[in-house]
Amino acid sequence: QVQLMESGGGLVQAGGSLRLSCAASGIIFSINTMGWYRQAPGKQRELVAVIISGGSTNYADGVKGRFTVFRDDAKNMVYLQMNSLKPEDTAAYYCNLNARAGSFNRYRDYWGQGTQVTVSS
C-alpha cells in the first residue's frame, strides 16, 4: 500500500553537493518519521538523518554540519541536502518511512529502492 520513490543520486567530486528526494505514496498516518539511511559495501545499513512529523531531527555524527534533512508534509516528501561531500559518503542511500499506513494499527518500516551516491576524490 505504501511506496517510496527516490531520486537525486549520482557521481560527484569531493566538495560537491547533491540533493536526494523521496516521495511517499499511500494512506499514511500523519504522525511518522521519515529519513535516510546508507549502506556501503561490506558495512551494515546505518542512519544518516531522520525527521519526525513534528520537525525534530537527528543526524549521524559524521554528517552534522554538512547534511540537512527536511520534509514537505503537503507532498509527503523528504529531502536530504548533501553539501561538502567526501569520498567516505559513498554508499547506497535508502529513504525510510516509519509509519502507520492504511488499515494497519502498528508502525512499521517502509524502504525505497536505494539510490547510489558516489563521491570521487
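Does segment 75-118 hold any residues that are in contact (Cβ under 8 Å) with a residue 12 or more places away in the chain, outside any loop (DSSP other than H, G, I, E, B), open to solvent by 10 Å² or more (accessible area, probe 1.4 Å) and of a type outside the set (Asp, Glu), and which are they? If the condition is that a residue be in contact (Cβ under 8 Å) with a residue 12 or more places away in the chain, outside any loop (DSSP other than H, G, I, E, B), open to solvent by 10 Å² or more (accessible area, probe 1.4 Å) and of a type outside the set (Asp, Glu), then Met77, Tyr79, Gln81, Pro87, Ala92, Tyr94, Asn98, Tyr110, Trp111, Thr115, Gln116, Thr118 are the ones that fit.
Among residues of segment 59-102 being of a type in the set (Gly, Ala, Ser) and under 12 Å from Val2 (Cβ atoms), the one that is modelled with the lowest pLDDT is Gly102.
Within segment 32-39, is even one residue in a loop (DSSP other than H, G, I, E, B), open to solvent by 30 Å² or more (accessible area, probe 1.4 Å) and of a type outside the set (Phe, Trp, Tyr)? No, every residue in segment 32-39 fails to be in a loop (DSSP other than H, G, I, E, B), open to solvent by 30 Å² or more (accessible area, probe 1.4 Å) and of a type outside the set (Phe, Trp, Tyr). Among the residues making up segment 9-28, those that are open to solvent by 30 Å² or more (accessible area, probe 1.4 Å) and not in a strand (DSSP E or B) are Gly9, Ala14, Gly15, Ser17, Gly26, Ile27. Consider only pairs whose beta carbons are under 6 Å apart and that are at least six residues apart or on different chains; among these, list those whose first residue lies in segment 5-23 and is farther than 23 Å from Asn76 by Cα and whose second residue is assigned to a strand (DSSP E or B) and open to solvent by 60 Å² or more (accessible area, probe 1.4 Å). Pairs that qualify, where the first residue is farther than 23 Å from Asn76 by Cα and the partner is assigned to a strand (DSSP E or B) and open to solvent by 60 Å² or more (accessible area, probe 1.4 Å): there are none.
Scan segment 22-35 and tell me whether some residue there is touching an Asp or Glu at 6+ places or on another chain (Cβ under 7 Å) and either at pLDDT below 95 or not charged (D, E, K, R) (or both). For segment 22-35, residues touching an Asp or Glu at 6+ places or on another chain (Cβ under 7 Å) and either at pLDDT below 95 or not charged (D, E, K, R) (or both): present. Within segment 60-70, being in a strand (DSSP E or B) and open to solvent by less than 50 Å² (accessible area, probe 1.4 Å) holds for Phe67, Val69. Taken over segment 43-54, the criterion of being at pLDDT 95 or above and not charged (D, E, K, R) is satisfied by Gln44, Leu47, Val48, Ala49, Val50, Ile51, Ile52.
Would you pick out the residues in segment 40-55 that are in a loop (DSSP other than H, G, I, E, B) and in contact with a strand residue (DSSP E or B) (Cβ under 9 Å, 6 or more places away or on another chain)?
Within segment 40-55, Ala40, Pro41, Lys43, Arg45, Ser53, Gly55 meet the criteria.
The values are calculated or read from the model by the stated rules, or taken from the named source; none is laboratory data. Bear in mind the structure is a predicted one, so any value in this text is a computation, not a measurement. We place every Cβ from the backbone using ideal geometry, glycine too, and count neighbours over all the protein chains shown. Heads up: the accessible areas ignore ligands, DNA and RNA and are worked out on the full protein's heavy atoms, side chains in. Shrake-Rupley method; radii C 1.70, N 1.55, O 1.52, S 1.80 Å.
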